1. Restricting to segment 330-371, count the residues that are of a type outside the set (K, R), closer than 21 Å to P208 by Cα and in a loop (DSSP other than H, G, I, E, B).
2. Give the residue, chosen from D347, D339, D321, that is touching a residue at least 24 places away in the same chain (Cβ under 8 Å), charged (D, E, K, R), in the same structural domain as G245 (by TED's automatic domain parsing) and buried (at least 23 other Cβ atoms within 10 Å of the Cβ).
3. Those residues that are among the acidic types (D, E), touching a Lys or Arg at 6+ places or on another chain (Cβ under 6 Å) and closer than 18 Å to I203 by Cα, I need them from segment 334-382; list them, please.
4. Go through (1) surrounded by fewer than 16 Cβ atoms within 10 Å (Cβ to Cβ); (2) closer than 26 Å to D204 by Cβ; (3) in contact with a helix residue (DSSP H, G or I) (Cβ under 7 Å, 6 or more places away or on another chain) and name the single condition K300 misses.
5. Within segment 249-256, is even one residue on the phi > 0 side of the Ramachandran plot and surrounded by 21 or more Cβ atoms within 10 Å (Cβ to Cβ)?
6. Could you grab me the full set of residues in segment 85-121 that are out of contact with any strand residue (DSSP E or B) (no Cβ under 6 Å at 6 or more places or on another chain) and among the small types (G, A, S)?
7. Taking the residues in segment 227-249 that are in a helix (DSSP H, G or I) and in contact with a helix residue (DSSP H, G or I) (Cβ under 9 Å, 6 or more places away or on another chain) as candidates, determine which candidate is nearest to G338 (Cα to Cα).
8. For segment 103-116, check the following and say yes or no: at least one residue is among the acidic types (D, E), in a helix (DSSP H, G or I), modelled with pLDDT of 85 or more and surrounded by fewer than 16 Cβ atoms within 10 Å (Cβ to Cβ).
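The values are calculated or read from the model by the stated rules, or taken from the named source; none is laboratory data. Predicted model only: the values in this text are computed from it and were never measured. Reconstructed Cβ throughout: ideal geometry from the backbone, glycine too, with neighbour counts over all protein chains shown.
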Amino acid sequence: MKHQMRFSLIMAVFIGLMLTGLSPGTARAQVSDQPDTPFKLATFEVSGMIRIGMEVQNKLMDLNGANAYVTKQLGLHIVSIPDEMRTLIERYGAISNRMYQIANYMGAGNRLADKNLGFVFDPERVSFKAPIKYPYNLLAAAANYKSHAEEMSGPPSGGGGQSGQGGPPGGGGGPRGGFAAVEVDVDNEDPHFFAKSPRSSIIDPGAPFYIPKDINIDWEAELAIIIGKPGLNLTLENAHDYVFGYSIIYDVSRRGGTGRRPANRMFPGVNWFRGKSSDRAAPFGPYIVPKEFIKHDNLKIMTRVNGVTKQNGNTMDMIYDEAHMIRFLTSVLTLYPGDVIATGTPDGVGRARNPPEYLKPGDVVEIEIEGIGILRTPMEAAP
């Protein structure tokens, strides 16, 4: 009789599972597929292999290893996750629920402390790479923080470089930045942008920037917007829908110096290409935070040089917000998944100090943005 009752109970459970569309294997797979556990994404190298990582609770998981583990543990159907960041971003809409499940399951209890999990790493013991190599477009906003526009519109503070080396490179004879701080009608006046070459400019976190002889190099901390899907002629209302997440980028800036040739007299003053687009002038990373886990318009942003704070601002000080920048850019060209928009820097740059301060070999620049992480770039003399 007892055996018959037990059999009846098992059958009842089995039938109940079948009626709800679950198999016995998925009965234990009840983990949320919603963004309950925050995570960051990274590209990193360990044991000679480049991997896509998900950081949860300060532990870095090889995403494909974690996916295989969680799929087996919970009896989930197989979902393939790309092992290259730009492709992952392109497919995020189709795979995000599985990624949420991985974060939720591994972040519960004390699972990430299990030393037998071969796909879990200490972030301090891996080599981070630029999260995306290489985006199709790397576009940067100029003078997009009120405080920076004000500091760079003042008179030259001396020692900035040759005449005709103005604009972002710094220069003599005019405002420190080659522009004037005025009230801007953001709805009817376009922001100013320039482009950096992704292939030539982007370098990994921790990789050195090489300072050319007799050239002044400055620091600029910037929040990077990462685009999530193709967009053209976007509006203020739908621009955020096309954003994937946020990262950190260092807009390395040349500010004149005795080693620079004079500008072409046909175009005196600003030379944005020379000042902003040199080799290795865009250290990038180490993390990308998906937009659902961060409030991008109220983040502390700071720069330290050899541990001394030089910039200490907040993204709420931007003149043009995310939507206005994306609206303008997509009125000119199509943005693609993985494209990077550098959004400008707060005040505190070396060029605006009195006397000006510039970097030298041996210095270490640290850019920290709240909720994202720290990007470190050492300075070395150019070979």
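1. Of the residues in segment 330-371, 8 are of a type outside the set (K, R), closer than 21 Å to P208 by Cα and in a loop (DSSP other than H, G, I, E, B).
2. Details: D347 fails: buried (at least 23 other Cβ atoms within 10 Å of the Cβ); D321 fails: buried (at least 23 other Cβ atoms within 10 Å of the Cβ).
Criteria check complete, one pass: D339.
3. Pass one, segment 334-382, residues among the acidic types (D, E): 339, 347, 357, 363, 366, 368, 370, 380.
Those left that are additionally touching a Lys or Arg at 6+ places or on another chain (Cβ under 6 Å): 366, 370.
Within segment 334-382, E366 is the sole residue that qualifies.
4. Unmet for K300, out of (1) surrounded by fewer than 16 Cβ atoms within 10 Å (Cβ to Cβ); (2) closer than 26 Å to D204 by Cβ; (3) in contact with a helix residue (DSSP H, G or I) (Cβ under 7 Å, 6 or more places away or on another chain): (3).
5. From segment 249-256, those on the phi > 0 side of the Ramachandran plot are 256; that's our starting set.
Filter again for surrounded by 21 or more Cβ atoms within 10 Å (Cβ to Cβ), leaving 256.
Scanning segment 249-256, I find at least one residue that is on the phi > 0 side of the Ramachandran plot and surrounded by 21 or more Cβ atoms within 10 Å (Cβ to Cβ), so the answer is yes.
6. G93, A94, S96, A108, G109, A113, G118, listed by residue number.
7. Applying the first criterion (in a helix (DSSP H, G or I)) to segment 227-249 yields 239-242.
Those left that are additionally in contact with a helix residue (DSSP H, G or I) (Cβ under 9 Å, 6 or more places away or on another chain): 239-240, 242.
On the way: A239: 15, H240: 14, Y242: 11 Å.
Going through the qualifying residues, I end up with Y242.
8. Of segment 103-116, the ones among the acidic types (D, E) are 114.
Right, trim to in a helix (DSSP H, G or I) and you get none.
Taking every residue of segment 103-116 in turn, none turns out to be among the acidic types (D, E), in a helix (DSSP H, G or I), modelled with pLDDT of 85 or more and surrounded by fewer than 16 Cβ atoms within 10 Å (Cβ to Cβ).
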